[in-house]
1. For segment 35-47, check the following and say yes or no: at least one residue is within 12 Å of the chain's Cα centre (by Cα) and surrounded by 14 or more Cβ atoms within 10 Å (Cβ to Cβ).
2. Would you confirm whether any residue within segment 63-73 is at pLDDT 80 or above, assigned to a helix (DSSP H, G or I), closer than 19 Å to residue 3 by Cβ and of a type in the set (Ser, Thr, Tyr)?
3. Could you grab the pairs with beta carbons closer than 8 Å, sequence gap of 6+ or different chains, first residue in segment 19-32 and aliphatic (A, V, I, L, M), second one at pLDDT 90 or above and buried (at least 16 other Cβ atoms within 10 Å of the Cβ)?
4. Could you please let me know if residue 55 is in a helix (DSSP H, G or I), more than 26 Å from residue 95 (Cβ to Cβ) and not charged (D, E, K, R)?
5. Can you name the residue in segment 12-34 that is within 16 Å of residue 82 (Cβ to Cβ) and surrounded by 14 or more Cβ atoms within 10 Å (Cβ to Cβ) and is also modelled with the highest pLDDT among such residues?
6. Of all residues being at pLDDT 80 or above and assigned to a loop (DSSP other than H, G, I, E, B) in segment 74-105, which is farthest from the chain's Cα centre (by Cα)? Just the residue, please.
7. Kindly indicate whether residue 46 is at pLDDT below 90, touching a helix residue (DSSP H, G or I) at 6+ places or on another chain (Cβ under 7 Å), at positive phi and not aliphatic (A, V, I, L, M).
8. Search segment 106-117 for residues being part of a loop (DSSP other than H, G, I, E, B) and in contact with a helix residue (DSSP H, G or I) (Cβ under 9 Å, 6 or more places away or on another chain), and hand back the single one that is modelled with the highest pLDDT.
Amino acid sequence: MAEGTGACGINCLVCGLFRQGKCGLCGSGTEPQAQAKLAAQLKLLGNTCPILSCAVERGIPYCSADCDLYPCRHFLSGPYPLSESYLRMQLRRRSQPGLKPAPGWGGKKGEPGMVRH
C-alpha cells in the first residue's frame with residue numbers, strides 16, 4: 001500500500017483539505033477505508049466519488065498502476081482530480097512502444113518507474 005494514496009493517485013496526506021481536517025483519507029480501491037469513505041460521501045453529499053466507487057467495485061487498488069482502462073471516462077470527464085492535459089499525456093505515453101521499467105524499479109504492480117528506452 002502507498003500510505004495515504006487514494007485509488008485516483010492523489011496522496012491525501014499532502015492535500016490541504018486533509019491537513020485542515022476537512023477531508024479524510026480515501027485509501028486504495030481494495031482497502032476497508034475506501035468503503036468507509038464512500039459511505040461518508042453518500043451520507044454527507046448524497047453521492048460518491050465515481051473514481052473511488054469504480055475502483056472498489058472492480059477491486060482495483062490504484063487506477064493508473066493497476067487498471068487496464070486508465071485513464072477512463074471517470075477521469076476524462078473531469079473536472080478533477082487530474083487535468084485533461086496530464087491525462088492526454090498518459091494516453092500518449094502508454095500507447096508508445098518500448099517502455100521498460102526504470103533502473104531500480106521492483107517491477108511490482110502499483111510502483112512507479114516506467115521509462116522509454
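1. If we filter segment 35-47 for residues that are within 12 Å of the chain's Cα centre (by Cα), which is where we start, we get none.
Within segment 35-47 (the criterion being within 12 Å of the chain's Cα centre (by Cα) and surrounded by 14 or more Cβ atoms within 10 Å (Cβ to Cβ)), the answer is no, since none of the residues qualifies.
2. Yes.
3. Note: pairs meeting the criteria are 25/6; 25/37.
4. Working: in a helix (DSSP H, G or I): yes; more than 26 Å from residue 95 (Cβ to Cβ): no; not charged (D, E, K, R): yes.
So residue 55 fails the test.
5. Checking each candidate, the answer is 26.
6. 95
7. Numbers: at pLDDT below 90: yes; touching a helix residue (DSSP H, G or I) at 6+ places or on another chain (Cβ under 7 Å): no; at positive phi: yes; not aliphatic (A, V, I, L, M): yes.
When the stated conditions are applied, residue 46 does not pass them.
8. Initially, segment 106-117 is screened for residues part of a loop (DSSP other than H, G, I, E, B), giving 106-113, 117.
With in contact with a helix residue (DSSP H, G or I) (Cβ under 9 Å, 6 or more places away or on another chain) added as a condition, the list becomes 109-112.
Details: 109: 48, 110: 44, 111: 41, 112: 44.
Looking at the filtered set, the residue picked out is 109.
The values are calculated or read from the model by the stated rules, or taken from the named source; none is laboratory data. This structure is a prediction, so every number in the text was calculated from the model and none was measured. Glycine also receives a Cβ, built like all others from the backbone with ideal geometry; neighbour counts cover every protein chain displayed.
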